[in-house]
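J.: Handing you a structure now.
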Amino acid sequence: MHFLEEITIIATVSVLVTVVLGRFKLPVVAGLVLSGALVGPHGFSLASDIEAIEVIAEVGVVFLLFTIGLEFSLKRLKNIFKQVALGGLLQVGATALVTTGVAVWLGVPTEEAIVYGFVFALSSTALVLRTLNERNELDAPHGRFIVGTLIFQDLCIVPMVLIIPILSQGLDNPDSWKQLGVAMGKAVVVVIALLVVSRKLVPFVFRVVAARRSNEVFILTVLCLCIGTAYLTSLTGLSLALGAFLAGMIVADTDFRHRAMGDILPLRDVFVSFFFVSIGMFFDFGLMLEKPLLTGLLLLAFLFGKGLIATISATLMRFPPRAAWLAGVGLAQFGEFSFILLQVAGKEGVVDPTTVAPILNAGIISMFLTPLMVYKAPHFTAGERALDPLAKLLRSRSADELEERTVGHSDHVVIIGYGLSGQLLAASLRSLSVEVIVLEMNADNVAKGKDRDDPVYYADATSEEALGHAHVESARAVVVMINDHKAAERVLATINRLSIKTPVYVRSQYVSEIEDFKKFNPAGLVACEIEGGLEILSKVLRQLEVPRNLILREIEIARSQTMHSDRIFKEAPLPLDEHLGLKALTVESILLEDGSRAEGKSPREMDLAEKTGVLIIAIKRGDRLLLHRLSDSTLLSGDVVYCIGQMADLVSVSEWLDPNFKGKRTA
């Protein structure tokens, strides 16, 4: 079969399968993997040239690592190091150690067991991030832990790829450790050399190319940098993936990062699609029927064993039970880079292909199940309840501190969530001498609050214990401002169980969340989606010179269709020169001199507006500014008269106010 014919068949089947699975809310990645299983040698054998597909898949991996590198400039890596290092180290390290230990206990050679430890430690970055983004959970507590852990996993790929060839020579071989040290040293030297040389060279090249104003040339330059750097690193014995990642980091520190990302994304998506298809081709339906028990046990290891380790890791980082539970579910699957590690290990002879096949089968099934589990996990509370004892033990110090520092508190405001909104509210209340207690589950935000001397405490507001320590029963108000919708709902449910009379105000992200909160009868609900939309509406209408009363009418109509608010429209008026219909008018100030024709007379008495076409809009007399009944106000020497009119008319009115003006010209 011709290669192009195979590509056509793969693309057609992938479209059909992903569309069908989309109706069941399964992600595109799952459809691509299933498509590979159907067209592969263990399915309907519609694609026989697997090697050619793997070449395309390898290019996809290069593009994928390049775009990941674009997200991690050196500056960003420095800023997020504390956030991702501990959680990632706990999850990756614990998973790899436990898997390796279990494999050795089962009689697997140590070198092979280490590879399996690496494989089980990695999760699917593409699949999980896509799922979290669809559910708007990237900023939720469990979303932050998952993202940080995935970043750490992606960074671990490089040393893992370097270690696997060393394992083929045996751990008891002293030369192996020497070669590992040389390989790591070589990697460090290559990385430093590339970064040093490229810091000046790459921005210069991109500036020259951008000056040509040719999109085609710019895309070719990005491709040359991406693939060229990957090729150079492969010549030194390092992986193509490492080179692509470095190329992305180099571009990330330039001003052309976003343009490069926009240009490479379509290519990346096409090639990465074939990567997932190639993974699916390794799914063996026959082996599934032949070894269902082994495949099932390995699947349980992915879903429950790996998920449990991730859950405990999140709990040890003092995430609340719900966030830890959801984090464990989100990370419990086979990763796309695990497939690469198995390929490398197979080429080096570290693992046996017959042993790898059941792992691939179980891993591919875990990728299918992950989206479904992520959607169902928030409604399954048994997992988080099991974590309560450990969570309470870890929270005890924070709870004691909260209780100690809030004894006797009353007439205060309890803020739940110390994001930007919480920070603004806390600062405003403290400036007004209103006592504040802030409960926050993000350790970075707690540290930020401590630096600002705000009373921010690390506590889970979904627990009655934490709310009791914050004395919500004697507070003047409770304000809930957290991004996790389900967590906010649980906070309201906990407050409701306490049967307190304190007014509760809730900020939600989306209008669709409001109905879930209304059943708790909060004193006030604010949806960011509505307020942001109305703010944009008012600014656009004001810029279009829509009369103020019509803007107010449109805002009221929009509110009647969504939700009421006590906010008053306060959009600043446009400057005079931004009103298209008034561009010909000018405001001028004229000093009324002694002996002028207007001295001692009022504008009405002189019929000034009719004779000159100029309107007096204000009179400054000493320290007073006169604004009312100006037409009947007697003009006195020394008054500064503010007039509006066309420039020619302003020249004529000056003759009335300045006896020395006749014959002069305006500047």
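J.: Report yes if some residue within the stretch 533-549 is at pLDDT below 85, within 38 Å of the chain's Cα centre (by Cα), of a type in the set (V, I, T) and surrounded by 14 or more Cβ atoms within 10 Å (Cβ to Cβ); otherwise report no.
T.: Yes - at least one qualifying residue is present in the stretch 533-549.
J.: Moving on. What about A443, is it open to solvent by 20 Å² or more (accessible area, probe 1.4 Å), within 22 Å of M317 (Cβ to Cβ) and within 24 Å of the chain's Cα centre (by Cα)?
T.: yes
J.: With the condition kept exactly as written, say whether any residue in the stretch 587-599 is over 20 Å from P659 (Cα atoms) and modelled with pLDDT of 85 or more.
T.: yes
J.: Inspect the stretch 602-621 for any residue being touching a Gly at 6+ places or on another chain (Cβ under 8 Å), of a type outside the set (S, T, Y) and farther than 20 Å from L585 by Cβ and give the result as yes or no.
T.: Yes; the residues of the stretch 602-621 include at least one that is touching a Gly at 6+ places or on another chain (Cβ under 8 Å), of a type outside the set (S, T, Y) and farther than 20 Å from L585 by Cβ.
J.: A further question on this structure: So which of V15, V28, V55, V61 ends up being at pLDDT below 80 and surrounded by fewer than 14 Cβ atoms within 10 Å (Cβ to Cβ)?
T.: V55
J.: Do we have D255 as under 26 Å from G335 (Cα atoms) and either touching a strand residue (DSSP E or B) at 6+ places or on another chain (Cβ under 6 Å) or open to solvent by 40 Å² or more (accessible area, probe 1.4 Å) (or both) here?
T.: Considered against the rule, which asks whether it is under 26 Å from G335 (Cα atoms) and either touching a strand residue (DSSP E or B) at 6+ places or on another chain (Cβ under 6 Å) or open to solvent by 40 Å² or more (accessible area, probe 1.4 Å) (or both), D255 comes out as no.
J.: Tell me, yes or no, whether the stretch 599-611 has at least one residue that is touching a residue at least 24 places away in the same chain (Cβ under 8 Å), acidic (D, E) and open to solvent by 70 Å² or more (accessible area, probe 1.4 Å).
T.: Taking every residue of the stretch 599-611 in turn, at least one turns out to be touching a residue at least 24 places away in the same chain (Cβ under 8 Å), acidic (D, E) and open to solvent by 70 Å² or more (accessible area, probe 1.4 Å).
J.: Give the stretch 465-503 a look and list any residue that's in contact (Cβ under 8 Å) with a residue 40 or more places away in the chain and among the basic types (K, R), or say none.
T.: Across the stretch 465-503, the qualifying residues are R476, K486, R490.
J.: Scan the stretch 517-530 for residues that are surrounded by 15 or more Cβ atoms within 10 Å (Cβ to Cβ) and assigned to a helix (DSSP H, G or I) and jot them down.
T.: Hits for the stretch 517-530 are F517, C528, E529, I530.
J.: OK, next. Take the residues in the stretch 113-130 that are surrounded by fewer than 24 Cβ atoms within 10 Å (Cβ to Cβ) and modelled with pLDDT under 80; name whichever of them is nearest to the chain's Cα centre (by Cα).
T.: Only one residue fits best here, namely L129.
J.: Among (1) at pLDDT 75 or above; (2) open to solvent by 20 Å² or more (accessible area, probe 1.4 Å); (3) under 23 Å from F334 (Cβ atoms); (4) not β-branched (V, I, T), where does S45 come up short?
T.: Unmet condition: (3).
J.: Tally up the residues in the stretch 306-325 that are surrounded by 24 or more Cβ atoms within 10 Å (Cβ to Cβ) and outside any helix (DSSP H, G or I), please.
T.: 2
J.: Could you tell me which of the residues A488, A427, A447 is part of a helix (DSSP H, G or I) and either within 19 Å of P503 (Cα to Cα) or polar (S, T, N, Q) (or both)?
T.: A488
J.: Residues being part of a helix (DSSP H, G or I), farther than 24 Å from C224 by Cα and open to solvent by 70 Å² or more (accessible area, probe 1.4 Å): count how many of those fall in the stretch 258-296.
T.: 6
J.: Could you list, in sequence order, the residues of the stretch 463-485 that are over 24 Å from the mean Cα position of the chain (by Cα) and either outside any helix (DSSP H, G or I) or under 16 Å from K501 (Cβ atoms) (or both)?
T.: Correct list: S463, L467, G468, A470, H471, V472, E473, S474, A475, R476, A477, V478.
The values are calculated or read from the model by the stated rules, or taken from the named source; none is laboratory data. Source: prediction; values computed, not measured. As a convention, Cβ positions derive from the backbone with ideal geometry for all residues, glycine included, and neighbour counts pool all protein chains shown. Heads up: the accessible areas ignore ligands, DNA and RNA and are worked out on the full protein's heavy atoms, side chains in. Shrake-Rupley method; radii C 1.70, N 1.55, O 1.52, S 1.80 Å.
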